[in-house]
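Quick note: the coordinates plus some simple rules give every number you see, no bench work behind them. Since the model is a prediction, treat every value here as computed from it, not as a measurement. Note that each Cβ is placed from the backbone with ideal geometry, even for glycine, and that neighbours are counted across all protein chains shown.
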Amino acid sequence: MRRKGAATRSRRWIATVTTTTLCFAACAEERSVEAPPPVFDRDVAPVLDRACAPCHTGEAAAAGWRVTTYLDVMTCMGTSSMPAVRPRDAASPILRVLDTESHRDLIGAQERTLLAAWVAAGAPAFRGIVHPADIADPRSAGWHGKVLRDQRWRPMLDANDSNVCGRCHEGSAARPPGVTSAAPGAPACTSCHDQPGGVLACGTCHGNGKVSLAPGDACLFADGGFRAGAHAAHTSAAATAEGGLPCSACHPLPGDEVMSGLHGNGGVEVVFDERIVGPHPSYDRSTGVCAVACHDRGGQRPRPTWNDTTAMRCGDCHGAPPARHYPGTCDSCHAEVDPKGSELTARTLHLNGRVDLGDGSGTCAACHGAANDGWPKTPSHAVHATPTVTTPTACGACHVVPSAVKAAGHLDGVAQVAFSGRAADRGARPTWDGTSCQSVACHGAGLVDPPPVVPVWDDTSGAARACEACHRLPPTGHTASGSCDRAECHGSEVVRSGSVLNISETGKLVHINGTIDVRPP
């Protein structure tokens with residue numbers, strides 16, 4: 001029979017052993033639950049660098065996905081709208097792609113298990129000591145950008161804030177008095193925010209770092225890239241404009257201090273610049289409808305909704321063609337559109353605040369010439385513009401030159417021919433039948449010898465430019481001499497090269513001028 005004291009000690013020992021056993025079991029279980037998950041910088045990056053970097057680096061990275069940095073890995077892969085590490089299971093793109101034929105043998109089972117554990121843990125960037133691991137994840141509630149925004153940027157800007165970033169990190173906008181260097185091991189803000197301006201650069205908050213205009217990467221930011229809406233269509237070169245609109249077209253710009261006034265105050269201020277968007281613009285926050293002159297030009301969608309990213313077509317802003325427009329194909333007057341008015345072929349003149357004809361120069365050359373030369377470039381026009389036998393023909397010799405672009409008879413789709421000037425010299429009555437010119441004084445009408453050649457407009461053979469095309473050589477009643485270059489007659493006007501006669505530069509001034517010029521004896 002045991003003594004009471006021995007029994008008591010026995011119970012205490014059993015209790016102690018039991019308690020100790022339970023403690024060890026609990027500790028073992030706790031260590032198993034709280035075992036730190038893999039992190040990007042130490043565990044995952046080496047695997048991706050070895051297995052994925054050969055194809056997923058640089059500007060031409062496969063599927064547009066890179067493994068260069070943590071944020072590169074976190075963004076979308078290929079055409080997927082899902083971040084590479086979401087959701088936190090085998091359905092995430094980064095794990096799914098490893099089951100495809102082309103990727104199945106890239107990593108071993110142990111590395112696959114490591115990646116799966118990393119994804120399941122939320123894809124932490126590093127093992128947090130001072131900061132939680134999700135401080136670098138833009139989609140996390142603990143992301144430093146969201147934390148700073150919620151505190152109106154005080155830790156970044158106020159040197160007296162108890163959590164001021166500059167106490168530990170180089171590159172912050174503010175550093176407490178007396179702090180002269182970064183904390184050991186603390187990365188500089190500019191190691192990620194390396195664009196000009198650092199943490200205060202435009203692209204830090206509402207761009208993608210390299211581009212200083214919204215939207216940000218919708219795969220990285222849970223709010224869809226900081227309210228992306230139609231920013232891409234307005235701020236970047238797109239199908240409708242050569243370059244993007246400046247931010248100041250719709251928003252007040254911050255001063256040199258960046259985070260002040262209306263900027264960075266937690267709201268999005270819309271204040272239009274009427275010099276760009278037209279008079280009396282408005283924006284309805286409840287519906288997202290913009291009323292600006294850029295769109296309201298008589299088309300089918302004069303007031304598009306900001307979040308409607310459906311591409312705007314020609315007929316949405318203005319008719320294609322507009323009502324009561326001049327006849328003819330669109331490209332006959334506008335240089336940057338296809339004949340049907342359905343697509344732009346260039347964008348330099350589009351959305352520039354004015355209606356441009358041709359190349360937009362405002363001269364005759366804008367539509368039917370080139371550079372500073374308003375002459376159309378058909379072969380027969382060129383012959384009249386730079387003739388070899390006379391001075392250049394004025395446009396008014398064959399056409400009524402309009403006093404204004406919208407003058408009657410202009411822009412009607414028909415080339416109006418109305419002869420005057422030297423074309424009607426010597427009482428000639430020239431006519432145009434749509435193919436050829438007849439009874440034109442320039443070609444011999446009214447001379448003793450009728451012209452043997454009727455010039456056909458598209459005839460570029462040169463037959464109509466031979467001397468005999470307009471008058472005989474020599475003409476009827478002329479002196480018997482055939483030496484046209486005789487000094488006493490036409491010596492300085494006509495020059496001979498073998499059997500070929502040419503009109504000299506001096507001769508061009510008096511040739512085809514409405515009179516027969518003979519040097520006095």
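Quick notes on this one:
- Around the Cα centre of the chain, unit charges on the Cβ atoms of Lys, Arg, Asp and Glu (plus for the first two, minus for the last two) sum to a dipole of about 2380 debye.
- Taking a ≥ b ≥ c as the square roots of the Cα gyration tensor eigenvalues, the chain comes out prolate, since a/c reaches at least 1.5 and a/b is larger than b/c.
- Helical mean residue ellipticity (222 nm; -39500 (n - 2.57) per DSSP H run of 4+; nearest 500) of the chain: -5000 deg cm²/dmol
- Cα long-axis angle, helix 4-33 against the chain (0 to 90 degrees, to the nearest 10): 10
- The chain: relative contact order in percent, alpha carbon pairs under 8 Å with at least 6 residues between: 5
- Taking region 371-521 and dividing mean pair separation by its residue count, relative contact order in percent (alpha carbons under 8 Å, at least six apart): 19
- Residue-wise HN-Hα coupling along region 347-358, computed from phi with Karplus coefficients 6.51, -1.76, 1.60 (Hz; x: Gly, Pro): 9, 4, 8, 7, 6, 10, x, 8, 9, 9, 9, x
- Fewest-first ranking of Glu59, Glu111, using other Cβ atoms within 10 Å as the exposure measure: Glu59, Glu111
- The Cβ shell under 14 Å around His350 holds other residues with a net charge of -4, Lys and Arg each +1, Asp and Glu each -1.
- When you count the other C-beta atoms within 10 angstrom of each residue and take the mean per peptide, 75-86, 346-357 line up highest first as 75-86, 346-357.
- Since only Trp432, Val448, His490 are under comparison, the one whose Cα sits farthest along the positive direction of the charge dipole of region 412-521, derived from C-beta charges on Lys, Arg, Asp and Glu, is His490.
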